[in-house]
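Here is the structure we will look at.
The values are calculated or read from the model by the stated rules, or taken from the named source; none is laboratory data. Computed from a predicted structure; not experimentally measured. Glycine also receives a Cβ, built like all others from the backbone with ideal geometry; neighbour counts cover every protein chain displayed.
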2 protein chains.
Amino acid sequence: MKIAIAQLNPIIGDLAGNSAQILMAAKECLDQKVSLLVTPELSLCGYPPRDLLMHDGFIQEMAIALGKLAKNLPPEIAVLVGTVEPNSQAEITGGKPLFNSAALLQNGKIQQVFHKRLLPTYDVFDEDRYFEAGDRPNLFVLNIGAGHNLRIGVTICEDIWNDYKFWGKRFYTSDPVTDLAQQSVDVLVNLSASPYAVGKPKHRESMLSHSAIAHNLPVIYANQVGANDDLVFDGYSAAINRQGQVIARCLGFVSDLLIVEYDLETQDLRPESVISSEQLPEAEIWQALVLGVRDYARKCGFKKVVLGLSGGIDSALVAAIATEALGNTNVLGVLMPSPYSSDHSISDALELAKNLEISTEIIPIAPMMLAFDSALANIFTGRENDITEENLQSRIRGNLLMAIANKFGHLLLSTGNKSEMSVGYCTLYGDMNGGLAVISDVFKTRVYALCQWLNRDQELIPQNILTKPPSAELKPDQVDQDSLPEYEILDDILEKLISDRLSISQIIQTGHDPQVVKRVVQLVNRAEFKRRQAPPGLKISDRAFGSGWRMPIASKRTSSSQF
Amino acid sequence: MKIAIAQLNPIIGDLAGNSAQILMAAKECLDQKVSLLVTPELSLCGYPPRDLLMHDGFIQEMAIALGKLAKNLPPEIAVLVGTVEPNSQAEITGGKPLFNSAALLQNGKIQQVFHKRLLPTYDVFDEDRYFEAGDRPNLFVLNIGAGHNLRIGVTICEDIWNDYKFWGKRFYTSDPVTDLAQQSVDVLVNLSASPYAVGKPKHRESMLSHSAIAHNLPVIYANQVGANDDLVFDGYSAAINRQGQVIARCLGFVSDLLIVEYDLETQDLRPESVISSEQLPEAEIWQALVLGVRDYARKCGFKKVVLGLSGGIDSALVAAIATEALGNTNVLGVLMPSPYSSDHSISDALELAKNLEISTEIIPIAPMMLAFDSALANIFTGRENDITEENLQSRIRGNLLMAIANKFGHLLLSTGNKSEMSVGYCTLYGDMNGGLAVISDVFKTRVYALCQWLNRDQELIPQNILTKPPSAELKPDQVDQDSLPEYEILDDILEKLISDRLSISQIIQTGHDPQVVKRVVQLVNRAEFKRRQAPPGLKISDRAFGSGWRMPIASKRTSSSQF
């Protein structure tokens, strides 16, 4: 008996296109005599659909699309499709208007509909905003011919993330997996849309193995793949046998179709040869960022991208990512030297462009600097030069890049890293400009690590970019460390503050200089207004700025240990 | 027996400052022999604290601040303070780590802690993200001397918003008010932080009256006042007797302390003379926007603001609001004419500045336009002028304004209205620049109405600004209606789409031209990337862009009726 996982890359809201993807997978399954096809969570509308769910018209269209899909699918295959279903009792008994559901389609009909029971409402997830939780175990009986029946337990994403023994704590009061195990299901399936973070593919697989062993159940895990705005879905769907072994796995970061065999005699998935998916964090992050750029451009309808090449390491990395994502002929690098730019900033950027084989333009910004300076001379009489003039240079560059983006219909990529975004070492309406912030969740120290990794076989990022001291070059002889602690120190403090959520005093206890810690935390607080206006940034950590980071701007911290 | 409501204006996170506000109110109550003082929801940390709640250090500081407050308050008064309390069972039984609570402080101690039962998770609210719901009715017995006891039922904000008979539907499965009525409480109190929307003060009072009558209970409603980022809290705290009459009411849009008398004989609040709070929507919105600007500036530490004065109606209204909020000497208007600016744009702006008595600067932008044009001439060879050059003008202005804001430490106000923000008739990194978008939730037709209302006694907004056709003046003889439907039509379509969430076909059924509706909806979808990078905008409607609007950017709508 064959079970298939369609690891699909939907476009949010594209009911016709996403249906076509499901149909195509089902047709391939038909040729291979698959009995059950599992697709990802909300595979019909893509995850996360966000506030599209608040428009009844969209919900109605989805119901129509689901009905049409049921009719068009090969009747002999059972297909689990992720969709939403209205909660008809909501206004009478109270509750949210929708369920996050999995519909079982077979023989031209919607046979059964299952409701997600655990609704993630943390970080980037807002499911309590839209959905009512299902209140019972979800299972169905699959007739696989010759009098054989299989009891299939259905879970949706978060439903499997409450394994008390694995996590050492409970997140929700109920555990849908335990409930299904008690209902003696033969196979556990999960429709997922689990976003990427560094190391998460491995951790997720450990959890799945743990549950398979704990409940002596084979697990079929179907994850979404592809990027939607800030979220990258890595895929790595997998089939795990009763012993907790991954017997087959989809590729990471691409669409894939996986077919496995359930053996009626052993009552388990038939073992296959599978290699470890473990890889260096740099390799994993690289693939996530490449997919993030590729999908954002594609799903927004852009073919080409433009970015500023400063000769620094951030723009070098983003250029390399964009080139991998879209092809060298679709990347334009713009060099915008000022009188404060070093000679090597031009030569380094040009060498990078040569290595990547991308085209470049050079636009010196001195004429615009002069024009702004003289326009403002009168108002600024008697005032010293300060950060204002530095910001102006950055904003002139931002304007030039947007003008090129507008004129040619290119997508502008912004190149700021997470260290900068944290402490506000970036210019709003300047270098922060762009439709997508490619590395805004990558700390500076990791930017270096990624570039080193990228250069493992051949020098893509010119050596001088890796070795020279980082500088914004907005005034003579400026380097980042005039204003900031060494990046090793800064990033460690930021990691503890942002990811580990330590207080000032706790961070100091780990050995950092109290004055440095306090200053960094103050900078992070003050930069909130900039981050609020940043473009969506690709999330690769467990706590990224963006949709999962919701901080007040107008606020005051009156305690010394307070974040 | 006297009960007091402290309608406070907290700063988010400012535990010391907010404690001081509560203390000051209590001291005033002491002089007036008040027995019970009620403060707003989360009065200790301010509402909404958002992701500050995810930092344990902050939670611990709040517990310390609460203990200190209990000690410092006059022992003889019972004070209900809004705070959070850890959910000690969370990791064992599953559930969120905190409760949204009301602490009863008396005799130097925390006497009891009550948990909010209904957690709003819609629009701008994210309470399920942080809080576990309380599971029982909250009440305490207040000893008021001479052997008299009062049973006080405690609810927190949303707890009173599930009146089935008032709304005609249920939002939650339980109704804390009915539960308390069944427990025979004598008085119902509510600690609230209910954000403003047009007409909401009146609607809220109707609901409170309805509940008072339905349960034959006096209601003490303590609402937060003041603005926190995008949210304005109007206040209008009130005391309502068993007959549903508002017997006393706090002022709207300012801090206030209200003391009412509970009559032990009638077992009801003693009637007082109170005038209707009803006013024109324009008057209400005006006060909300003025408070929004004043508090954002104050709480972020700005004394002065700067804005561009185009001679158009949007910037005129924002200038008037800023002048009212901060005083005429704290508002700087900057005129930045281009070769496409009409003569009247300068004279109208200067006349406005004269009427408001604010200072101005004039900076012609032609030199910067020339500098950019020649810098880009080479790359743009053979291309026609288009929207690129229009955006450049807007971005030059945006840069000049930010330069002034940076140099002088002013807050830049952006002046775009909701109609523009909806259809993207605005320039990212140009006129959208600013720390606060003052009227981004005000449709253009309402901008006119507000200005007409403002001119009711004397001409503040020059007549020519009100009568000339609106124009961005980014190319010769341009008017808005070259690109957009008449604003009456546009705003009606937008209202139906955004607030009423109608589908394309439903909007067409109300009588609009199908082609116009489809084009408007397409424009709204396409402008999502701009809105994502907009500054926080003051919310005055039931559905504003900003923290309560969560739409995907990379998406595709494949059905003709789909939003």
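Only a single item in (1) at pLDDT 95 or above; (2) under 21 Å from residue B:468 (Cα atoms) is not met by residue B:343, and it is number (1). Filtering the range A:295-327 to residues that are part of a loop (DSSP other than H, G, I, E, B) and touching a strand residue (DSSP E or B) at 6+ places or on another chain (Cβ under 6 Å) leaves A:302, A:309.
Quick one: in the range B:499-510, of everything that is of a type in the set (Ser, Thr, Tyr) and in a loop (DSSP other than H, G, I, E, B), which residue is farthest from the chain's Cα centre (by Cα)?
Step by step, filter the range B:499-510, then rank; the result is B:510.
Considering only residues that are out of contact with any helix residue (DSSP H, G or I) (no Cβ under 7 Å at 6 or more places or on another chain) and within 11 Å of chain A (Cβ to nearest Cβ), look in the range B:520-534 and name the one that is surrounded by the fewest Cβ atoms within 10 Å (Cβ to Cβ). This residue is B:526. In the set (1) crowded, with 20+ Cβ neighbours inside 10 Å; (2) in a loop (DSSP other than H, G, I, E, B); (3) more than 18 Å from the chain's Cα centre (by Cα), residue B:517 fails one condition alone, (2). Scanning the range B:349-381 for residues being assigned to a strand (DSSP E or B) and among the basic types (Lys, Arg) gives a total of 0.
Filtering the range B:117-145 down to residues that are more than 9 Å from chain A (Cβ to nearest Cβ) and of a type in the set (S, T, N, Q), which residue is farthest from residue B:545 (Cα to Cα)? Out of the qualifying residues, it is B:143. Taking the criterion of being buried (at least 23 other Cβ atoms within 10 Å of the Cβ), under 20 Å from the mean Cα position of the chain (by Cα) and within 14 Å of another protein chain (Cβ to nearest Cβ), would at least one residue in the range A:175-187 satisfy it? Within the range A:175-187, none of the residues are buried (at least 23 other Cβ atoms within 10 Å of the Cβ), under 20 Å from the mean Cα position of the chain (by Cα) and within 14 Å of another protein chain (Cβ to nearest Cβ).
Scanning the range B:8-25 for residues that are in contact with a helix residue (DSSP H, G or I) (Cβ under 9 Å, 6 or more places away or on another chain) and away from chain A (no Cβ under 12 Å) yields B:8, B:22, B:23.
Against the definition (at pLDDT 95 or above and outside any strand (DSSP E or B)), how does residue A:142 come out, yes or no? So residue A:142 does not fit the description; no. Could you tell me whether the range A:112-121 includes any residue that is within 28 Å of the chain's Cα centre (by Cα), free of Cβ contacts under 8 Å to residues at least 12 places away in the same chain and in a loop (DSSP other than H, G, I, E, B)? For the range A:112-121, residues within 28 Å of the chain's Cα centre (by Cα), free of Cβ contacts under 8 Å to residues at least 12 places away in the same chain and in a loop (DSSP other than H, G, I, E, B): present.
Filtering A:396, A:321 for residues that are crowded, with 18+ Cβ neighbours inside 10 Å and more than 28 Å from residue B:396 (Cβ to Cβ) leaves a single hit, A:321. Of the numbered conditions (1) in a loop (DSSP other than H, G, I, E, B); (2) closer than 19 Å to residue B:126 by Cβ, residue B:58 satisfies every one except a single condition; which is it? The single condition residue B:58 does not satisfy is (1). Comparison of B:59, B:64, B:77 shows that the only residue that is within 15 Å of residue B:112 (Cα to Cα), in contact with a helix residue (DSSP H, G or I) (Cβ under 9 Å, 6 or more places away or on another chain) and surrounded by fewer than 24 Cβ atoms within 10 Å (Cβ to Cβ) is B:77.
What are the residues in the range B:250-279 that are within 18 Å of residue B:29 (Cβ to Cβ) and assigned to a strand (DSSP E or B), if any? Matches in the range B:250-279: B:256, B:257, B:258, B:259, B:260, B:261, B:262, B:269.
For the range B:148-205, filtered to residues that are β-branched (Val, Ile, Thr) and in contact with a Lys or Arg (Cβ under 7 Å, 6 or more places away or on another chain), the residue that is farthest from residue B:250 (Cα to Cα) is B:185. Of the residues A:48, A:40, the single one that is buried (at least 24 other Cβ atoms within 10 Å of the Cβ), facing chain B (nearest Cβ under 10 Å) and either under 19 Å from residue A:236 (Cα atoms) or in contact with a strand residue (DSSP E or B) (Cβ under 7 Å, 6 or more places away or on another chain) (or both) is A:48. Within the range A:458-498, the residues that satisfy the criterion of being loosely packed, with under 13 Cβ neighbours inside 10 Å and part of a helix (DSSP H, G or I) are A:463, A:467, A:482, A:488.
Looking only at residues in the range A:188-236 that are among the hydrophobic types (A, V, I, L, M, F, W, C), surrounded by 21 or more Cβ atoms within 10 Å (Cβ to Cβ) and in a helix (DSSP H, G or I), the one that is nearest to the chain's Cα centre (by Cα) is A:208.
Tallying residues that are closer than 22 Å to residue B:312 by Cα, among the aliphatic types (A, V, I, L, M) and in contact with a strand residue (DSSP E or B) (Cβ under 8 Å, 6 or more places away or on another chain) within the range B:348-380 yields 8. Comparison of A:501, A:456 shows that the only residue that is within 13 Å of another protein chain (Cβ to nearest Cβ) and at pLDDT 95 or above is A:501.
Considering the conditions (1) more than 14 Å from chain B (Cβ to nearest Cβ); (2) in contact with a Leu (Cβ under 8 Å, 6 or more places away or on another chain); (3) over 21 Å from residue A:404 (Cα atoms); (4) crowded, with 24+ Cβ neighbours inside 10 Å, residue A:415 is excluded by exactly one of them, (3). Among the numbered conditions (1) buried (at least 23 other Cβ atoms within 10 Å of the Cβ); (2) under 24 Å from the mean Cα position of the chain (by Cα), the only one that residue B:54 does not meet is (1).
Of all the listed residues (B:88, B:101), the sole one being within 29 Å of residue A:167 (Cβ to Cβ) and crowded, with 24+ Cβ neighbours inside 10 Å is B:101. Is one or more of the residues making up the range A:280-294 part of a loop (DSSP other than H, G, I, E, B), surrounded by fewer than 23 Cβ atoms within 10 Å (Cβ to Cβ) and more than 14 Å from every other protein chain (Cβ to nearest Cβ)? Yes, the range A:280-294 contains a residue that is part of a loop (DSSP other than H, G, I, E, B), surrounded by fewer than 23 Cβ atoms within 10 Å (Cβ to Cβ) and more than 14 Å from every other protein chain (Cβ to nearest Cβ). Restricting the range B:382-395 to residues that are more than 7 Å from chain A (Cβ to nearest Cβ) and part of a helix (DSSP H, G or I), the residue that is nearest to residue A:433 (Cα to Cα) is B:394.
One residue alone among A:387, A:365, A:358 is in contact with a helix residue (DSSP H, G or I) (Cβ under 9 Å, 6 or more places away or on another chain), at pLDDT 95 or above and surrounded by fewer than 22 Cβ atoms within 10 Å (Cβ to Cβ), and that residue is A:387. If I filter the range B:98-109 for residues that are within 14 Å of chain A (Cβ to nearest Cβ) and either more than 24 Å from the chain's Cα centre (by Cα) or not β-branched (Val, Ile, Thr) (or both), do I get at least one hit? Yes, there is a match, as at least one residue in the range B:98-109 is within 14 Å of chain A (Cβ to nearest Cβ) and either more than 24 Å from the chain's Cα centre (by Cα) or not β-branched (Val, Ile, Thr) (or both).
When A:400, A:474 are checked against the criterion of being at pLDDT below 95, out of contact with any His (no Cβ under 9 Å at 6 or more places or on another chain) and within 14 Å of chain B (Cβ to nearest Cβ), A:474 stands alone in meeting it.
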